[in-house]
Amino acid sequence: MTDDRIKNKAAINQLVSEFLKLQIVEISEKPDSNKQRERYFRLIDIAERVGSGNYDYVEIVNLFITLENKANEMVNQLIALSHATDLEGLDKSGSLGYVDNRLIDAADNAHKHYIRKRDSNRSSNAGKAKSDKELENAINKLEPLFEKFHSPETKILDGRGNEIPRSKWGAETFFNFCTEKSGTGFGKKMIKKAYKVLQGKASAM
């Protein structure tokens, strides 16, 4: 390898190093024009001082290929980050060497949020299934009382002993009717829920 080629290779290696040291700038941040200018002249100085000053097309192509490979490696690390479940293990293995820590932290927070939401949904679904089963049980057991409640012979009296018109009967009236007839074993809220379902079924017939 000629002296010029050796010098140019050293310059290219330094240029690649400069490329890899470039900090990620968030979209909301305004680039520092002074730092950009300083970096530009630093790159020019490397190319002139370290290199031979006589780059041929081979060296230029090698520079682009080197930077392209590094960029591809960085992109693949981001892809790995997006699919990872064990971020700590992936980071310790050195597989995220080019990924900014802010991205790793953001991905970790998003992953933990997903787990919390998933567990919450599972708990919520399990709770709803249990509640639906309890309501179904209450409907089955209260249906005979509901039919008796709506029979023509049934009369409902208020606290003064006066008959309450059927037009004013509702969930509260049904609850009082149930508790007066027998201990159903269901709370007021559950009896009212069952009444609404039974009332809906009766109206649909």
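The values are calculated or read from the model by the stated rules, or taken from the named source; none is laboratory data. Since the structure is predicted, the reported quantities are computational estimates derived from the model, not experimental observations. Here the Cβ is made from the backbone with ideal geometry for all residues, glycine too, and neighbour counts use every protein chain on show. Please note that ligands, DNA and RNA were not included when accessible areas were found on the heavy atoms of the full protein model with its side chains. Shrake-Rupley method; radii C 1.70, N 1.55, O 1.52, S 1.80 Å.
Just so you know, the Cα atoms of segment 55-124 work out to an Rg and Dmax of 17.9, 67 Å.
Here r is the Cβ-Cβ distance between residue 35 and residue 102 and R0 is 22 Å; the resulting FRET efficiency, rounded to 0.05, is 0.70.
Kindly provide log₁₀ I(q)/I(0) values, in the same order as q = 0.20, 0.25 Å⁻¹, from the Debye equation applied to equal alpha-carbon scatterers of segment 106-205. Rounded to two decimals, the profile gives -1.00, -1.33. Fully extending the segment from residue 184 to residue 68, taken as 0.36 nm per residue of separation minus the present Cα-Cα distance, adds 34.2 nm.
Annotation: per residue accessible area for the chain equals 73 Å², rounded to a whole number [probe 1.4 Å, protein chains only]. Here percent of Cα pairs over 23 Å apart was calculated from the structure, and among (1) 70; (2) 85; (3) 46 it sits at label (1).
Rolling a 1.4 angstrom probe over the chain with all protein chains present gives an accessible area of which 53% lies on carbon and sulfur atoms.
Measuring nothing but how far apart in sequence close Cα pairs (under 8 Å, 6+ apart) lie, relative to its length, the chain scores a relative contact order of 16 percent.
The dipole here belongs to segment 57-149: it is taken about the Cα centre, uses +1 on the Cβ of Lys and Arg and -1 on the Cβ of Asp and Glu, and is about 560 debye. Kindly provide the trypsin sites (Lys or Arg not before Pro) of segment 1-94 that DSSP labels as loop, not H, G, I, E or B, and whose Cβ sees at most 15 other Cβ atoms within 10 Å. Within segment 1-94, the qualifying trypsin sites (Lys or Arg not before Pro) (loop, at most 15 other Cβ atoms within 10 Å) are 21.
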